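Every read-out reported here was derived from the displayed coordinates using simple, explicitly stated rules and does not represent laboratory data. Values in this document were obtained by computation on a predicted structure and should not be read as measured data. Counting neighbours? That spans all protein chains shown, and the Cβs are built from the backbone with ideal geometry, glycine included.
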Amino acid sequence: MPDAQKGFGDIFAPVKTPSADKAKLLRPRTRRESGGPNISVVADPVESAAAPETLVEAGTEDAAVVPQPALAEVEEGVVASELVMGAARSKGTYLPPDLLELVKARTNDDVTYTDLLFDAFDAVDFEEVRKHFRPELSVGPSGIHRRVRRKRGTGSIQIQLRLDKVQEKWISDKVAWSGAPSRSAFVSYVFELFLRPEEG
């Protein structure tokens, strides 16, 4: 005789789970946290070659692992090349057009604006540069000095000097020491002395 048709109560009745499945369900899970067992991680070959292997004692993982920021995130507004020791950056400097023609005539593929400027630094007398920007006061018989007239600024054209931070600071210190109103004025006069010594 066929089995009696199942009612709604029989359809939704809980199914008995075999004892083997119950044992799997009741087994405690292994949590992968700092308190759990240590897990060995193998780094990529490139990373392992770059950084030596370091042993970390158990329980000090959190203190030992410090995430390193990406190169672009180290300092906002800083170009990645500036983080390299000795990296050169372009610094704009303005020269009068006639002086720029002289400078261009002395540069080529092997001698840049910066190279020529360093040659000028080696050749000029900085005391003469300082006297130009800090002239001695002309005192009359009455004892009052006359105002020193400075040359009016003229139209100028920008060139790019490639300087690292140490070179840039050296030039900035010389600008302050000589009393030049700007780096461009200082560089222009150094070029004048070097390329046109008779007019310096």
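In nm, what is the difference between 0.36 nm times the number of residues separating residue 158 and residue 105 and their Cα-Cα distance?
Gain on stretching residue 158 to residue 105: 17.5 nm.
Roughly what would the spin-label model give for residue 125 and residue 168, points 7 Å off Cα along C-beta, in nm?
Result: 3.3 nm between the two label points.
Quick one: of 104/169; 104/174; 91/165; 91/131, which pairs are farther than 18 Å apart, Cα to Cα?
104/169; 104/174; 91/131
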